[in-house]
Amino acid sequence: MTSAEFGRPIEILLVEDNPGDVRLTIEALKEGKVRNNLSVAKDGVEALAFLRKEGSFAHSTRPDLILLDLNLPRKDGREVLAEIKEDAVLRRIPVVVLTTSKAEEDILRTYDLHANCYITKPVDLEQFISVVRSIDDFWLSVVRLPPAP
């Protein structure tokens, strides 16, 4: 479903431990055309608890899209991605890897783990905002997302 077909804000889970990148992502999404609710998990353990509705996340909303950093404390993004894609309930949620790593090894590994796309975070502020807007435009306006089960 595209955002217009949802009739509700798009639910996004941002898995990011850098507060500066969280702030930039929030600002870039606010400027976008698509209504969205952004939830933030600061590490891989918290992200999986959110997705599985465990503990304090018992009432969390299933995201329509996950923005996942690879370099996370407690459980890194590669492990989180593997667990999401192995889970029959979660595997259809698109996962956009948004990370500073340009390593070919990371790119290949995340696609092997069934990431939906891989984006290297630019270090320049304006370029970072442009990348987040592009994600917003493509994933939330163009792509048909699967309905929640």
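None of the figures in this text is laboratory data; all of them are computed from the coordinates on show. The structure displayed is predicted, hence computed values, not measured ones. Here Cβ is always computed from backbone atoms with ideal geometry, including for glycine, and neighbour counts include all displayed protein chains.
Quick notes on this structure:
- For the pair Asn18 and Glu126 in one chain, pulling the backbone fully straight at 0.36 nm per residue adds 37.1 nm over the alpha carbon distance.
- Between the listed residues Cys117, Ile10, Leu68, the Cα displaced farthest toward the positive end of the dipole of the chain, a dipole computed from Cβ unit charges relative to the Cα centre, is found at Ile10.
- Most tightly packed first, judged by the mean number of other beta-carbon atoms within 10 Å of their residues, the peptides 77-83, 65-71 read 65-71, 77-83.
- Model label points for Ala103 and Arg8, set 7 angstrom from Cα along the Cα-to-Cβ axis, are 3.9 nm apart.
- The Kirkwood radius of the stretch 17-68, taken over pairs of alpha-carbon atoms, gives through the Stokes-Einstein law at 4 °C and 1.567 mPa s a diffusion coefficient of 108 µm² s⁻¹.
- A simple spin-label model places the labels of Val143 and Ala58 3.2 nm from each other, with each point 7 Å out along Cα-to-Cβ.
- Global size of the stretch 76-149 as Cα Rg and Dmax, reported in angstrom: 13.2, 39
- Solution diffusion estimate, µm²/s, Stokes-Einstein, the stretch 1-127, Kirkwood Rh from C-alpha pairs, 25 °C, viscosity 0.890 mPa s: 164 µm²/s
- Amide H contacts under 5 Å for Leu68: Val15, Val96, Val97, Leu98, restricted to partners 5 or more places along the chain or on a different chain, H placed in the peptide plane at 1.01 Å from N.
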